[in-house]
Structures are given as structure tokens and as C-alpha cells.
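To start, the structure itself, in C-alpha cells.
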Ligand SMILES: Nc1ncnc2c1ncn2[C@@H]1O[C@H](COP(=O)(O)OP(=O)(O)O)[C@@H](O)[C@H]1O
Ligand SMILES: [Mg+2]
């Protein structure tokens, strides 16, 4: 993720340690993938209770953009910054493959680089990506148009409710998603569909700059 | 105030209505192994916790607190605490 | 022979001496959340199984068999079966 | 020497087995030590060893650590080359890839533990090999796993496949290394003894490599990582013993992996090394504290004194014996620059790991162990390793089979049916079910994923370079002809690297064989090593690291001899790579090599005729090299729009695989003497290259000019594979058959991992 961000914006991101009590002043905070604390107990559970998450919660309230990818998404739900939970994949196994995503809401900095309903390619790699929320919460998420991405064309790899692959918080400044857009940002990856997400979030899109 | 050592068991189970892919998979596997008459399997977690507290009540309170804060994800899970010794 | 429905609980825990990285990580997390006096945490699994059997004894036998064959990894885990209803 | 007599008063109530435990003939035998070896041990110890000492001797002298049966033959392997920085003897081999970068790699087996507990066995196998790589200062960048299971219908196979694959993934995914390749095969000869060979490679700067040789007297010996438990006490001894049906009794030795601790250990070690605090470092693998401490001392001509009271333990009442032989995972031993102690300790504390000074280096060349105020062992440190027995075990030259002409093999009733059956068979079907459980993308540098000829990852920090990895061996060939089979394993690995456009650099070998005390098994080992050596010399692929796993037998039946080769190749310009899946409509197809003729030991013979017999195909190493270099040059000159080597199943299977990968059909006209051998013969040193129409004549002219045999066999077209009037199948039909065997098989009954 660090390499991807450096490639996209030409600046190396600052790092925060899990015990830090403050965060550097920044435009975008990313909680990347990886098995934080081995994903012992529940995926993202221990990371969600790290000291640094208090600061994340604070700046989230102030409207700073926060992106959680994969384990980052799990951490954000465990921390209560996003609704629902990510359960064991319906197929029980870890799954690493490319899926299709359709853009469910592009009126947001993270997704503004995409067309509404555009279908993009994106890899997933996770064991617990099966999005669950109770019926009422799910309805709220849908009503508020909080769904950012849905698995498209029958590629739902994990049994997620309503094919949900990524959601915003109600304010729209926090995005959590299971797929890994950072692994599809340059021709060497075989595609660049993931790039626009970061460009949007970092205000690097041409339209925005103009 | 002197502390005593308590051995506690915490059971964390999925709330009703929350899907349980692992339980489902086990149901299927049991069926394929020839076990008949299995209506349902739900998988949960247990934690055997040894802790020091001033009283059984204090230990219970602390354990419930641990569940709320860490051991259970109360969006999807219920918990139950019991102290054996 | 008419079958009855039983609700059983299976507890699967790591054998003594087997490393429990999960339990260890939870201990650490509880510590950093400010819980004091936690000596040890060991994580295990539970299975709530609903099954039909001709008798309580038959249900118990079947559950033990399920543990041996699937629910527990007897190389590193112990199991205990209890039938509540 | 200081007379060490285990005093009778040494009894400590809190020890499970104390150090005065009598040394009986039975106890000696239980440690896998024979009479002759014991006599030598007494001579070197200069008295009867104590219980702890016996454990230490047995750990150091068992097959796993001492290589006593194979050493004589391993010495014959080519291990040097202009790029080799460190060959065998270190934790992993180190090879220069230019720009001050080195690649560090090794392969190691975890066969026995994986049979007993497939998930944890495989997981800790991956953990062990990763540790070997980062102990040297390299950050792991790629992993592979070579797996061999019993026949699919065997009662245990599905359970083992399921557990091993999730264990490999469970550890590697969590640790964060991409798994970019491997092998999976099934054969009844592995029914009671599966093979799990794990490979890892890492990247480091040439001048930042760390080795195990300690330097300096009176320096602190530091214990790093996770705490010690009773896991795997006697594990290395178990790995050197044949299985019998009493295996269940050996179960308590199973180790559990903790990938998160390992990840922290990686980061802490690299940080520590960068701080300049490390003089020598060694991971605790087989025989844990014993092996690592002896190695560090003996290499540096130093003694080591350990105080076990300072060893971080996670269980009560551990004896010296248990601590010295524990195989708890995720641990390291280091000799520290004393002035850096504070800094070093802070790093480990930050990563939540144990850091304890447990001893010091001495000048007396003794391995001295103290526990609870007593010296429980005092042994000559050099002799523990250097004086390990080295056997020239009797061996017999393997027999040879007469060549079998193609016309002696029945042709199929229907070529389409035969091809479909072959590509949907257990050994040729798609391994997608396996590799989709592995994180192949983590770190963001994967350029070629499993499913092609070799996995490729970028060299981080370099604009154009990449490394290719392939793992290969064809055990049925090795069984038929250990010498040719050994050659073939190397040659196929070489070919897979070439097919991506990589220059093969070096290899690691994992020699899995049966009981070396049987002359015919020893003969297999000797001949296979000879074959590997010859091929490695001819193809400039020195062996820089490796592992020997013997006694792979159950109830007297040995596995197929399986010398797995893990090869590494260098791609200078990754935008000029070739891949299996990039053939484009209109491309012209070239066969590099000649018409297939060899059907003995082929997949055709096994899957269609139901037989495994005859000689292995021979490898002409001169031709192998000439064709390899030609194909490599063609790829580097960007002639090849796609490339694939021809291996199991022959030409037709290779073409089918390219069709399925690209989604395009092919129309081929080939010269055939015997159709079935032309299509399915497994002759060696062959490739298929797809060339853009506009370059085809030029490519043909170059082939002529360089003297390699080649044939223009057709073009990429439509959505069917058509070969003469023999084969006509739609790509979709091939795909569905190729993709379905594994998931269908694994959906069958009795998979215990659901409860994981
Ligand atoms: N255990 C495994 N893990 C990852 N990839 C695997 C595994 N087994 C096979 N593969 C991949 O499947 C593909 C086909 O394997 P194989 O038939 O052995 O290749 P080849 O014939 O080129 O040696 C290769 O890309 C290989 O890396
Ligand atoms: Mg190949």
C-alpha cells in the first residue's frame, strides 16, 4: 500500500504506530490490509482497539477521509466506524482472485473517478469478507446510498449481503472495502482500474484539479 | 484487600439470525460423513480466563466488561460468563 | 423407534502445553485495554448441535464420534460433550 | 576436561525427567543412536553422557541435522558460480542479481509433521523456511510449495490436501508473503507419507547479509522471539525415523505456528540488523536451541555457555533436556555486540517479543549448559557437529529399462476423448482450487501468478528487474531412472524459468527419499544426485541450498524418489517477459524441438493405458541448453508473444494449456510418424512459442541460423483446438474439464477443516 500510494501521488505516506496517541496532519488516512495481530480473536478486532484508533475516530468525526482496505475494513467495522461485520467467507476458505466491482455511488471523493454502475476489475484476498448487517441496518445502508461497491457479474467471492464489497459511513468520509484497489494501479499489475479511487481521494483527478 | 484467583469460562456465540458459514459447513461435512439426524450446528468460541479479583462478583463484572470491550463483537455475538472456581 | 431432539454443546479446547497464539494475543490486548489481573487466556471452540437420536446415550455417543471424526483435531485438542435438553 | 559426573543429589522434584535418568540401551535406541555411534559418543564425551547430553548428541547426529547418509554425495554437487555469494552450509543460499542486490532462497521439507497434523505441519513448514531466509537479513518476497499426496481415493488424502493447503495459506498469507508457485501431485506411493516441501526467497543488499558464525569471546548470546514450550521435543528425531502404525504415539510433538509472532520477528530482526547490533544470528529450527547454539559456536571456533534459567519459557517445570530439544517456533539465537544491548532490547520490546541474554561465547570450545545451579551438559562443541558420523552406505546401481518404441503402445480410440481425459486428470488438471487459497498478490510486486510456467515478482526498488521461481520434479521418471530423473527435474525447472524470459541463476534441492539403509534406496539417492549435479553443471544452475528428507516410508514401502528442485531466474527487463496466456489471434505457433516419441512413463501411458512402465525420457543437456538459450534470446528480443514448455502430457497438452490460458483456439498441422506419440510423447527440451505473424519468418530464419530444431506447427485462431484430423475440441469444453476436477474432488466427503 505504501508503495502504491507513493507511485500514485509521488509522496511517501507518513506512518502511524499502533500505540501512537496522535496522528500526523493528513488529507487521507489509510488502514491497509494484512493480518493485524494475526487476525486472532476476530479479523481486525485487536487492531480496532489499538490506542491510535481513538485518534482515527476523532479525525473521522472532523471529516478527514479515511480508507480501510481489507483488514482495514474489518478494523473499521470492529471499531464501530462503519456498520455491520465481516464474517468468515461463505466458502470457508481464504480466497485470492480477481473479481468485478460495480460502482454503486460515485457522488463521493473516493468514487468520483468512476461512472455510476461502471464495472471495474479488482483483486480480493481475504478469509473474512462476508459482509453482514441485520436487516434494519442493511436497509439503512441502502436507503442512505452508503454502498460504494458491489461485486458484479456473479463474482461475489464470499457471500456478502447484497453483494456489498465496500461501504461509506453516513457522512461519506470513511470508506471500507474488502477488495484491494492498490494491487491494480499500474500496467505491470495487468490493469489500472484501482488507481482512480486513490486519485479521487487525494484530489488528484484532472477534473478536480482543473 | 486481598485478591483471589478465579477460573472463568466465557462463551461467545453468534446471535440468532446471524448467518454462520462455519456452522453450515460443518453440518454439510457431518452429513457427508454419514451422521444422520443433525438438524443444526452453530459454531462459537470459548475463552478460559484465569484472573485475579477481589470477589466473584468483581470477577464477573470484569469479565462482562472484557466481553463488551473485546471478547465479543456485540453487533453479531452474544456472550455468557461463568465462573467455575 | 421414535427419535427425540437433543440440544447439545460441544466444547473443544487446546490440550495442555499446545501453544495458543490466539489466547496469548487476547491476553496482550486485554492488558493494553487496561484489564489487570488476567493471568491466562486460552481460546477454544464451541458447537451448539441440535440432533435427533433415540436416546440421550445414543446422542452422546454420536456426538463423541463427531468430535473424533470432525469437530476436534484430537492431535492437539480435547473435547467435552454435554446435552442440555 | 572438567569432570562432569551427574551427581545423584541433582534430583529436582519439579522436573519431569531429571538429568540423572539412567542411560539404558533402550533409551539409547529410542534416541536413534546405534551401538557404534554410542561408543563414539562416550569416547568424545570422555564418560557416559548425562540424559541431557544424550539428547544433544542424538539431535546433532540424527540424519536431519548431520546429513550422515547423504553428505558424501551432496559434496559432489556443483555449488559455485560467479553469482554465488553463499552456497550450502548457511541458512539459505545467496545469489548475486546485480546492483548490490542478492536473492536468498532455500527449500525445506515438513513431510512427517504434515502427515500427523496437516494444517500445523504445513504451516510451521512455511514458517521455518521463511525464518531461514530472514535470518540472513533478507526480506521474504516469494514462496512456493511442492506437495505430494496419496491417491485421490485413499481415505486420508482429501483431509490431508485440505489441511495442508489451508496450513500453507494460513501461515504465508498472514505473514504476508506472496505464494507464486508450486506443485501438487497424487500417487499411491505417497499414501502413508505425503510430501510438503516449502520454498522461500528473500531480497537483501549484498553487504547486509548475516551468517551464523560467531566471533569474539565473552559476548552475550541472546534468545529472541517466542517463548519455549515442549513443542516438538524429539521432532528432529522423528523426522529421521520410518513411520509405522504406532505413529499415533508420536503425536504430542506437533508444533503450532504463530504467523503474527513471526511477522514481528521478521521486522524486529531486520531492524536489529540495520542497527549494527548483530554479530551472528541463527534461527532455531530442527533441534532448536541445541542446533543453533552449537552451529554458532562451532563455526566461529568458540565455546558457548548457556544458562537455561534465563530462557523464556511458557510452561512450568521444563527440564534442561526439554529446553535444549524443544522445537517451539518463531525463535532465534544471536550473538550481540554488548554495547548495543539497550538499543537491541528496545527493538524487541517494541515488537512485543522476548529478548533474553541466555549465555555467552567462551574460548574453551565447550558446549556448557547450566540449569538450576548445575552444569547439566558439558560437551566438546566442534565434535558435536564435525564428528557426526558420515556413512558411505552400501548402494546398488539402479536397473535400466529397455527403450519402448511408440508402436508398442496402443493408440487411443479417440484422440479428443484422450486429451480431455488427460487435462481433467488429477495430475494435469488446474490447481486453481489450491492457489486461490494463497495470497499471490500481497506486497504488490507479483507479475506472474500461479498457472503459468514460473511465478514472477518484481525486484522492489529496481525499475525493470524481476525474479522468476519454479519448483519441479517428475517422481515417476526418477523411479524409472534416478539418474535421468534427477537430470530431468533440473531441466524442467530450467525450462520453466526460460519460458518466462528469465535467465536461470541457481537452484535449491529438496531430496525426498525412502530408507537409505536399503541399498536400492541409497542407489536412487546416489544416482539422482549424480543426475542433478550433471544437469546443474551443464545448465549453469549451481545448487546453493537444500534439504534432505530420508526415511519417507510406511510399513516398509518407500515413496517415489522425489528430488524437488526449486529454481530462481533473473529477468532484466520485465516488460519483455513471456507468459503462457498472451497468445493472440493470428500468432504463428512454433514447436522448438522435435516430434514426440517417448511414451514410457508418460501421463498418456498412465491415464489412458493404465500403466506405468519403461524408461524415463532422457535429457540431452547440450540440446537443452542450446534450445533454452535460443528461446530466451527470442523472448528478450520480443519475438515471443507467448511461450510455454512442453512437459507432462506432451505437445497436445501444452497446446491445450496455452489455449485455455489465452481463451483462443489454435489450428495446427504437425508431421506425425505415430500420432499418439507425436501428440502425447514426453520428449524433453521442447517449447511452444507463439510469434506475431509479422515476425514469423524472421523467427524461423533465426531458428535455422542457430541450429535448433523447430517446426512451424500452426496458428492461433478461433475458439477450438484443432490438430490435424486428430483433435478438434472447443476451448470452453477443455476449460470446464480442466477446472472441474479439483473442486469436485474436494467437495467430496469428510473434510475436517470446516471446523478450523
Ligand atoms: N501448490 C501450489 N501452489 C501454488 N501454485 C501451484 C501449486 N501447484 C501448482 N501450482 C501452479 O500451477 C501451475 C501448473 O503446475 P505444474 O503443472 O506443476 O507446472 P509445470 O508443468 O509448468 O511445472 C504452475 O503455475 C504452478 O506454479
Ligand atoms: Mg511448465
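Worth pointing out:
- Yes/no for residue D:666 being within 23 Å of residue D:728 (Cβ to Cβ), within 16 Å of ligand 2 (Cβ to nearest atom) and in contact (Cβ under 8 Å) with a residue 24 or more places away in the chain: no
- Among the residues of the range D:448-459, just one is under 25 Å from residue D:170 (Cβ atoms) and more than 16 Å from ligand 2 (Cβ to nearest atom), namely D:457.
- Residues of the range A:28-43 that are more than 11 Å from chain D (Cβ to nearest Cβ) and over 13 Å from the mean Cα position of the chain (by Cα): A:41, A:42.
- Residue among D:301, D:309 that alone is part of a loop (DSSP other than H, G, I, E, B) and modelled with pLDDT of 90 or more: D:301
- When the range D:452-486 is filtered for residues that are more than 14 Å from ligand 1 (Cβ to nearest atom), over 30 Å from residue D:583 (Cα atoms) and outside any loop (DSSP other than H, G, I, E, B), the ones remaining, listed by number, are D:478, D:479, D:480, D:482, D:483, D:484, D:485, D:486.
- All positions within the range D:98-111 that are in a loop (DSSP other than H, G, I, E, B) and surrounded by fewer than 24 Cβ atoms within 10 Å (Cβ to Cβ): D:98, D:99, D:100
Per-residue answers, yes or no, for (1) within 14 Å of chain A (Cβ to nearest Cβ); (2) within 23 Å of residue D:95 (Cα to Cα):
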position: D:429; (1), (2): no, no
position: D:435; (1), (2): yes, no
position: D:452; (1), (2): yes, no
position: D:456; (1), (2): yes, yes
position: D:462; (1), (2): yes, yes
position: D:487; (1), (2): no, yes
position: D:492; (1), (2): no, yes
position: D:497; (1), (2): no, yes
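Okay, residues lined up against (1) within 16 Å of ligand 1 (Cβ to nearest atom); (2) not in a helix (DSSP H, G or I):
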{"position": "D:76", "(1), (2)": "no, yes"}
{"position": "D:82", "(1), (2)": "no, yes"}
{"position": "D:113", "(1), (2)": "no, no"}
{"position": "D:122", "(1), (2)": "yes, no"}
{"position": "D:126", "(1), (2)": "yes, no"}
{"position": "D:132", "(1), (2)": "no, no"}
{"position": "D:137", "(1), (2)": "no, yes"}
{"position": "D:161", "(1), (2)": "yes, no"}
{"position": "D:166", "(1), (2)": "yes, no"}
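- If the condition is being under 31 Å from the mean Cα position of the chain (by Cα) and either within 14 Å of another protein chain (Cβ to nearest Cβ) or at pLDDT below 95 (or both), then the range D:700-749 contributes D:739, D:742, D:743, D:744, D:745, D:746, D:747, D:748, D:749.
- Within the range C:11-68, if we keep just the residues that are more than 9 Å from chain B (Cβ to nearest Cβ) and touching a residue at least 60 places away in the same chain (Cβ under 8 Å), the residue that is farthest from residue B:64 (Cα to Cα) turns out to be C:15.
- Residue A:152 being touching a residue at least 40 places away in the same chain (Cβ under 8 Å) and buried (at least 23 other Cβ atoms within 10 Å of the Cβ): no
- All positions within the range D:464-485 that are closer than 21 Å to residue D:184 by Cβ and either within 11 Å of ligand 2 (Cβ to nearest atom) or within 14 Å of chain A (Cβ to nearest Cβ) (or both): D:470, D:471, D:472
- Residue D:425 being closer than 30 Å to residue A:95 by Cβ, out of contact with any strand residue (DSSP E or B) (no Cβ under 6 Å at 6 or more places or on another chain) and within 16 Å of ligand 2 (Cβ to nearest atom): no
- Helices (runs of 4 or more DSSP H) wholly inside the range D:317-433 that include at least 2 residues being under 30 Å from residue D:743 (Cα atoms): D:415-423
The values are calculated or read from the model by the stated rules, or taken from the named source; none is laboratory data. Model, not experiment: these values are computed from the prediction. All Cβ positions, glycine included, derive from the backbone under ideal geometry; neighbour counts span all protein chains shown.
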